[in-house]
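The values are calculated or read from the model by the stated rules, or taken from the named source; none is laboratory data. Note that the structure is a prediction, hence the values are computed from the model and not measured. A quick note on method: Cβ atoms are made from the backbone with ideal geometry, for glycine too, and the neighbour counts reach across all protein chains shown. Heavy atoms of the whole protein, side chains included, go into the accessibility calculation; ligands, DNA and RNA do not. Shrake-Rupley method; radii C 1.70, N 1.55, O 1.52, S 1.80 Å.
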Amino acid sequence: MSHDHGGPLRTPLEGLERLVSAREAEAWSPERWNQLRVLAVGRMQHRDLPDGTRIRWGRLALAALPGKYPEGPSQGMVIESVRVRAYLIREFGADDADPARDLSALLADATRNLGMSRETAARLACEWRGLPREQMLGLRLVKNTLSALLPVLPLLEDGDFSLDDLRAWLELVPRLP
């Protein structure tokens with residue numbers, strides 16, 4: 001995505017929304033998708049824009065992630081998705097009808113994609129300094145994913161079935177590298 005000749009970065013939101021689902025977008029490089037994601041995240045956070053427009057920018061940021069990660073879902077993709085979705089929920093409220101703002105789905109997706117069980121993470125957290133680099137990085141990804149959920153914690157209600165599980169995960173965060 002260059003800034004030359006009115007390229008995609010100069011395209012209005014409506015045009016970008018159409019463009020990401022167009023056949024030509026399939027040929028975009030991961031770097032180009034990342035540029036779109038960065039632009040969309042910036043606009044999503046732009047408080048001078050109407051709420052509905054900011055939500056659309058957030059959805060566009062999420063739509064760019066599969067292109068940025070063509071090898072398929074990865075922990076990096078999960079973390080970026082969790083950050084965008086948590087921001088949208090915190091700023092505009094949860095909405096079960098909107099996949100980008102579905103709080104229950106966000107929590108389920110995040111915890112399902114941590115890459116290890118809570119028991120394993122707790123065991124490894126006790127000895128992380130002596131672990132091989134790959135396991136340390138795995139724990140770091142768990143910490144980054146869980147930390148991205150912190151903005152939505154005040155929105156959770158005590159009766160929520162996933163709250164206890166999430167609290168147990170979050171208790172591990174200070175112990176992780």
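For the range 62-84, a residue qualifies if it is touching a Leu at 6+ places or on another chain (Cβ under 8 Å), within 19 Å of W28 (Cα to Cα) and hydrophobic (A, V, I, L, M, F, W, C), and the qualifying residues are A64, M77.
If you filter the range 76-113 down to residues that are in contact (Cβ under 8 Å) with a residue 40 or more places away in the chain and among the hydroxyl-bearing types (S, T, Y), you find that the one that is surrounded by the most Cβ atoms within 10 Å (Cβ to Cβ) is Y87. Just one of the listed residues (T120, T145) is in contact with a Leu (Cβ under 8 Å, 6 or more places away or on another chain) and surrounded by 15 or more Cβ atoms within 10 Å (Cβ to Cβ), namely T145. Taking the range 7-75 and the helices (runs of 4 or more DSSP H) fully enclosed by it, the elements with 1 or more residues that are of a type in the set (S, T, Y), modelled with pLDDT of 95 or more and open to solvent by 20 Å² or more (accessible area, probe 1.4 Å) are at 51-68.
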